[in-house]
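Structure first, commentary second.
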Amino acid sequence: MPIRLLIVLADETAQEEAGGPELSCLAPVYYLFRDAGAEVVLASPSGGHPALRLRPAAEGAAAPAVARFLADRAARDALADTLSLSQIVPEDFDAAFCLGHHGTLQATGAGVGAQDAAAPGALLATLLAAGVPVGLLPGAGARPGPRGAGEGLLILGETPRAARQAGWLLLALARGDAGA
């Protein structure tokens, strides 16, 4: 059975000050998952096309992945039509990766309800409570709720290199080859 990995692009208002997620962080992780044979689902708070920064020219190790993404019609279509967070069923995913959330990882009610539908922190808290490993970049502004990571594993990073490392770990965990 193929593994399913969720990538959340948190394009919330608080993030505009921080600049929003960058394609140079998304593209390498997206292709790491896809090239490993995983089904990758993209989601954003409201669905549709999320706010995503694109530098005029991607630099460093991310440049080939960004160029590949920009040339990949299916990847661009998936980005233009992300699922909304309210459409996500946490049990359907083996791991999740979130770019750009800067808040608390806590649902306001029991699970992800109507009031939490566009709150990345609520979805991430629900995923963690269900035992799903979650990678979060940048992680410096993340504040786990009172229950911490619940049954899941929370991986925090700050750099594009950390994003790729977290992606490798999430992939290994989803495959079951990271040990018990």
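For the range 1-20, filtering for residues that are under 24 Å from A122 (Cβ atoms), open to solvent by 10 Å² or more (accessible area, probe 1.4 Å) and modelled with pLDDT under 85 leaves 9.
Taken together, R161, R76 contain a single residue that is at pLDDT below 85, open to solvent by 20 Å² or more (accessible area, probe 1.4 Å), of a type in the set (K, R) and outside any loop (DSSP other than H, G, I, E, B), which is R161.
Look at A63 and say whether it is exposed (fewer than 14 other Cβ atoms within 10 Å of the Cβ), modelled with pLDDT under 90 and not basic (K, R). No: the conditions fail for A63. Is it the case that the range 28-41 has a residue that's under 17 Å from C98 (Cβ atoms), small (G, A, S) and modelled with pLDDT of 85 or more? Yes: the range 28-41 contains one or more residues that are under 17 Å from C98 (Cβ atoms), small (G, A, S) and modelled with pLDDT of 85 or more.
The values are calculated or read from the model by the stated rules, or taken from the named source; none is laboratory data. Just so you know, these numbers come straight off a predicted model, no measurement behind them. Heads up, the Cβs are rebuilt from the backbone with ideal geometry, glycines too, and the neighbour counts pull from every protein chain shown. Keep in mind that these areas ignore ligands, DNA and RNA; they rest on the heavy atoms of the full protein, side chains included. Shrake-Rupley method; radii C 1.70, N 1.55, O 1.52, S 1.80 Å.
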